[in-house]
Amino acid sequence: MSGAIDRFMDAARAQGLAPDVLRFPEGTKTAEDAAKAIGCDVGQIVKSLVFMADGRAVMAYTSGANRVDERKLASLLGAEEVRRASPEEARAATGFAVGGTPPLGHPESLTCLVDPALLVWDEIWAAAGTPDSVFPLTPSDLRRVTGASTSDFVVDRG
């Protein structure tokens, strides 16, 4: 396994999880790629997205079927400005590369929000440290290990 997956596994075990990491050489960098490789609905994919809110990194766990509304996110966070973190900012905040960012194992605690659309599934899938690795978990475990609050921060569907 890679060093990133090892770091993820150590953090997962420390939180009482024993994830079954699956690797897909073709990659699972996008939600659509991951859903296709796993054989699940794109809505079951956890996108771990880092945003900068007034210069502070925050994590938005978003259903693969949804997009983040930065204005809603700013309002929820009480921030003047919210923007997507650059790949460098995301790696600095999480310790992992974009496309492989798991929901835990970050060097410092981040403010985390979770998309309510993820909570309707019995099982969801998140990155396990690299763009070609994923693991299943329950929505309740996602909330427990991240401390994420459930908030509506996604683009409304017409």
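The values are calculated or read from the model by the stated rules, or taken from the named source; none is laboratory data. All values reported here derive from a predicted model rather than from experimental measurement. Every residue, glycine as well, gets a Cβ built from its backbone with ideal geometry; the counts of neighbours run over all protein chains shown. Only protein heavy atoms, including side chains, enter the accessible area calculation; ligands, DNA and RNA are left aside. Shrake-Rupley method; radii C 1.70, N 1.55, O 1.52, S 1.80 Å.
In the set ALA92, ALA65, which member is in a loop (DSSP other than H, G, I, E, B) and either open to solvent by 40 Å² or more (accessible area, probe 1.4 Å) or free of Cβ contacts under 8 Å to residues at least 12 places away in the same chain (or both)? Within the list ALA92, ALA65, the selection yields ALA65.
For the condition of a type in the set (D, E, K, R), out of contact with any helix residue (DSSP H, G or I) (no Cβ under 6 Å at 6 or more places or on another chain) and modelled with pLDDT under 95, what is the one hit in ASP115, ASP156, ASP152?
Working: ASP115 fails: modelled with pLDDT under 95; ASP152 fails: modelled with pLDDT under 95.
Going through ASP115, ASP156, ASP152 in turn, just one is of a type in the set (D, E, K, R), out of contact with any helix residue (DSSP H, G or I) (no Cβ under 6 Å at 6 or more places or on another chain) and modelled with pLDDT under 95: ASP156.
Within the range 36-95, the set of residues being closer than 29 Å to GLU123 by Cβ and polar (S, T, N, Q) comprises GLN44, SER48, THR62, SER63, ASN66, THR94. The listed residues are GLU80, GLU123, and the only one of them that is of a type in the set (Asp, Glu), over 15 Å from the mean Cα position of the chain (by Cα), modelled with pLDDT of 95 or more and more than 17 Å from THR30 (Cβ to Cβ) turns out to be GLU80. Just one of the numbered conditions (1) assigned to a helix (DSSP H, G or I); (2) over 15 Å from VAL50 (Cα atoms); (3) touching a residue at least 40 places away in the same chain (Cβ under 8 Å) is not true of TRP125: (1).
Okay, residues lined up against (1) open to solvent by less than 20 Å² (accessible area, probe 1.4 Å); (2) part of a loop (DSSP other than H, G, I, E, B); (3) more than 17 Å from PRO103 (Cα to Cα):
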| residue | (1), (2), (3) |
| --- | --- |
| ALA12 | yes, no, no |
| ALA18 | no, yes, no |
| LYS29 | no, yes, no |
| ALA34 | yes, no, no |
| GLY43 | yes, no, no |
| LYS47 | no, no, no |
| VAL50 | yes, no, no |
| ALA74 | yes, no, yes |
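Okay, residues lined up against (1) closer than 17 Å to GLN44 by Cβ; (2) in a strand (DSSP E or B); (3) open to solvent by 20 Å² or more (accessible area, probe 1.4 Å); (4) not acidic (Asp, Glu):
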site	(1), (2), (3), (4)
THR130	no, no, no, yes
PHE135	yes, yes, no, yes
SER140	yes, no, yes, yes
ASP156	no, no, yes, no
